[in-house]
Amino acid sequence: MIKLSRAEDAPTLKGPGDGRTKVLIDSQVGAKNLSLCWIKFPVGGKSDLHTRDVEECIYVIKGRTVVVSGHERVEFGEGDAVFIQAGVEHYHENIGSSELEQIVVFSPQGPESILRDLPLE
């Protein structure tokens, strides 16, 4: 099976935090081991402090961001990717001068179900 998911067809959800999210790949399209989301944060926008019980990868399409876990700060931007191990408490923040646009992959699936419960924009 090959399944196309168009961002323009996915509903825009309010969150996390100040962000906007589109869930593009998950069990609803037949994926069994991962999910993929598009997330955008305004300048200065950030997520709440959270811990996931799954692995998380973030790839920045546009802008600059920081992931903060305790005293550890990892800053990165366009074309960079970051891996966050399961169980690591952290938050994300847009530290750039423009909107932050990123792709987030969760494996195994799980957090996308929380994101799907966010209110529609």
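Annotations for the structure displayed:
- Strands (runs of 3 or more DSSP E) wholly inside region 1-64 that include at least 1 residues being among the β-branched types (Val, Ile, Thr), modelled with pLDDT of 95 or more and surrounded by fewer than 16 Cβ atoms within 10 Å (Cβ to Cβ): 55-62
- Taking region 83-100 as the range and being crowded, with 17+ Cβ neighbours inside 10 Å and under 14 Å from the mean Cα position of the chain (by Cα) as the test, the residues that pass are 84, 90, 92, 93, 94, 100.
- Screening the candidates 54, 74 for the property of being without any contact (Cβ under 8 Å) to a residue 24 or more places away in the chain and either small (Gly, Ala, Ser) or touching a strand residue (DSSP E or B) at 6+ places or on another chain (Cβ under 6 Å) (or both) yields one hit, 74.
The values are calculated or read from the model by the stated rules, or taken from the named source; none is laboratory data. Bear in mind the structure is a predicted one, so any value in this text is a computation, not a measurement. All Cβ positions, even for glycine, are placed from backbone atoms using ideal geometry, and neighbour counts span all protein chains on display.
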